[in-house]
Amino acid sequence: MKRVVILSGSPSAQSRSDILLSYLGKQLQARDVTVTHISVKDIPEQVLCQGDYTSPIIQQITQRIEEAQGLIVGSPVYKASYSGVFKSLVDLLPQDIFKHKPVLPIMTGGSLTHLLAIEYTLKPLVNILKGKSLKGIYFLDSQLDKNNQQPILDDELLARTKKQLDYFFELIHQQQSAASLSS
């Protein structure tokens with residue numbers, strides 16, 4: 001069984017990032033991929049603020065990531081970077097937690113001025129955690145509809161997203177096949 005973890009760095013209750021990540025998860029589930037959504041909202045503030053890496057929830061998140069063949073990580077852009085609460089979560093995970101796993105980075109933002117945030121902040125973070133960073137996708141808030149089952153409004157962006165998701169699926173399939181051969 002192919003497994004993917006989706007990590008959401010959005011602290012907002014109704015964020016475009018979460019809606020987009022949920023949509024991507026459903027696309028993978030339609031291909032018989034088991035998807036686990038993990039949001040910074042699901043982690044007690046005390047765990048994040050006190051840096052409690054021994055917390056059972058952090059241990060459970062670590063285990064789910066270790067069992068996954070790939071990850072999708074997403075965050076809204078805050079001050080030209082991913083959210084601080086997302087960084088707090090990542091800081092509690094083992095240093096090489098993404099090792100050898102394909103990782104699809106996703107960011108949402110209000111303007112094109114933050115377009116490079118994915119290249120200068122999120123992708124380097126994925127690399128530090130030893131993940132294989134794919135070409136990321138940046139979405140403008142105006143290109144997303146929070147009230148639509150298929151939230152991507154721009155046809156070109158939708159086509160690019162599907163292409164990246166196809167490539168990601170291919171890589172997780174290879175990860176699963178490699179794991180099966182080594183078992």
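Odds and ends about this structure:
- Odd one out for SER83, checked against (1) open to solvent by less than 10 Å² (accessible area, probe 1.4 Å); (2) over 28 Å from LEU153 (Cβ atoms): (2)
- Residue that is modelled with the highest pLDDT, among those in segment 102-146 that are touching a helix residue (DSSP H, G or I) at 6+ places or on another chain (Cβ under 7 Å), in a loop (DSSP other than H, G, I, E, B) and among the charged types (D, E, K, R): LYS135
- Subset tally (residues that are surrounded by fewer than 16 Cβ atoms within 10 Å (Cβ to Cβ), within 22 Å of SER177 (Cα to Cα) and modelled with pLDDT under 95) for segment 1-46: 1
- Residue list for segment 122-132, filter: touching a strand residue (DSSP E or B) at 6+ places or on another chain (Cβ under 7 Å) and either open to solvent by 40 Å² or more (accessible area, probe 1.4 Å) or touching a residue at least 40 places away in the same chain (Cβ under 8 Å) (or both): LEU122, VAL126, ASN127, GLY131, LYS132
- Restricting the first member to segment 141-167 and to residues that are farther than 21 Å from THR113 by Cβ, and the second to residues that are exposed (fewer than 14 other Cβ atoms within 10 Å of the Cβ) and not charged (D, E, K, R), the beta-carbon pairs closer than 8 Å and six or more apart or on different chains are LYS146/GLN14; LEU158/GLN150.
The values are calculated or read from the model by the stated rules, or taken from the named source; none is laboratory data. None of these values were measured; they are calculated from a predicted model. FYI the Cβ positions are ideal-geometry reconstructions off the backbone, even for glycines, and counts take in every protein chain you see. Ligands, DNA and RNA are excluded from the accessible area calculation, which covers all protein heavy atoms including side chains. Shrake-Rupley method; radii C 1.70, N 1.55, O 1.52, S 1.80 Å.
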